[in-house]
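This report refers to the structure that appears directly beneath it.
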Amino acid sequence: MPMYQVKPVCGGHMEVDLPTCMYNLPNVHGQHGNSCGSDHALQNGEVDPAVKALEARQDEIMRKLYELKAAVEGLAKTVTTPDADLDLTVSSSLSFQSPSTTAFKAPADLESLLGKDLGALRDIVINANPAEPPLTLFVLHGLLCQHYRVLSSVHVHSSVAGVPPQLMSCLGPRHADGYARQLFQLGFTLIWKNVPKLQMKFSIQSMCPIEGEANVARFLFKLLSLYPSDAAMATQVDSWVDTAFFQLAEGGPKERAAVLRALNSALGHNPWVAGADFSLADIACFCCMQKNGSASTAPANVQRWLKSCENLGHFTHSKVLQ
């Protein structure tokens, strides 16, 4: 039903002066037949092949840029190492391996544990104070070299006045020949720096720094062998690791004596600290006893266990550095 009418405010035909300084476009609204006259119009919901080709090209360019970025980051580490001012040692894992091996079930590849990283070497950077050498890391580094191709390097930060020669060669002899980073699976970079607590940096984007020798040792040991699937056994291993670092290494005489008694009792029933298998608990307890010098006064079962550890050959380098 019509309501009211208004008079037109303009005539039926009105000329509009269009600018001529740029370019003209055809009037889409004045075309008849196909409502969209462009050659690249969508028909029946299908995407124009030209648009598909453009998207595919863009994806390919982004993929190449990502690979190039990863490759540049890997090459950048060969020029300068984070937090290091002086490069003194570059050693290859092939030149420092323990003669004996331990039955670890190492992962087939590192991608399952550390994630996929195109083009860049997985570089573990550790800041340690030379006043307190991390003996457990030297043992774990030797074990890592038996399972992976490790590119090891030692650096000195400007906050440290001087480092003893034995600490400069703690990861093995200098690798004199030229090397290509892409030939290695893992990078192990140790920086002697004036830090209150040991620090480890692996991936700035995906994880925060790890502090404390015990926590770094747990991270490195999981690259060698997964923790026991039994929750009780894994808890026992973690308990012995904490006991070794917080009581055996840093505790007073009474605490150390109590730990040695508990260790002697545990070794009276099992060949190793946490049971029938060699674990991180053995590495932590052995290295902490080397630090505080309590190995010479240990009970009988502990003395037998110390000899068993020495026979493996993993702890030879840590004893020399102590």
**Request:** Please list 287-295, 192-200 highest first by mean number of surrounding beta-carbon atoms within 10 Å per residue.
**Result:** 287-295, 192-200
**Request:** Kindly state, to the nearest 0.05, the FRET efficiency for GLN303 paired with ARG149, given R0 = 30 Å and r defined as their beta-carbon distance.
**Result:** 0.20
**Separation of the LYS52 and MET22 label points, Cα + 7 Å toward Cβ, nm** = 3.3
**Accessible area in square angstrom per residue, segment 247-322, 1.4 angstrom probe** = 45
**Prompt:** Of the cross-linked pairs LYS197/LYS291; LYS254/LYS291; LYS69/LYS201; LYS69/LYS222, which ones have a Cα-Cα span greater than 25 Å in the structure shown?
**Reply:** LYS69/LYS222
**Prompt:** Each residue of segment 242-259 in order: what ³J(HN,Hα) in whole Hz does its phi give by Karplus 6.51 cos²θ - 1.76 cosθ + 1.60, θ = phi - 60°, with x for Gly and Pro?
**Reply:** 5, 4, 5, 7, 9, 10, 6, 8, 10, x, x, x, 5, 5, 5, 5, 5, 5
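The values are calculated or read from the model by the stated rules, or taken from the named source; none is laboratory data. Computed from a prediction, not measured in an experiment: that's the story for all the values here. Here the Cβ is made from the backbone with ideal geometry for all residues, glycine too, and neighbour counts use every protein chain on show. Areas reflect the complete protein model, heavy atoms only, side chains present, ligands, DNA and RNA absent. Shrake-Rupley method; radii C 1.70, N 1.55, O 1.52, S 1.80 Å.
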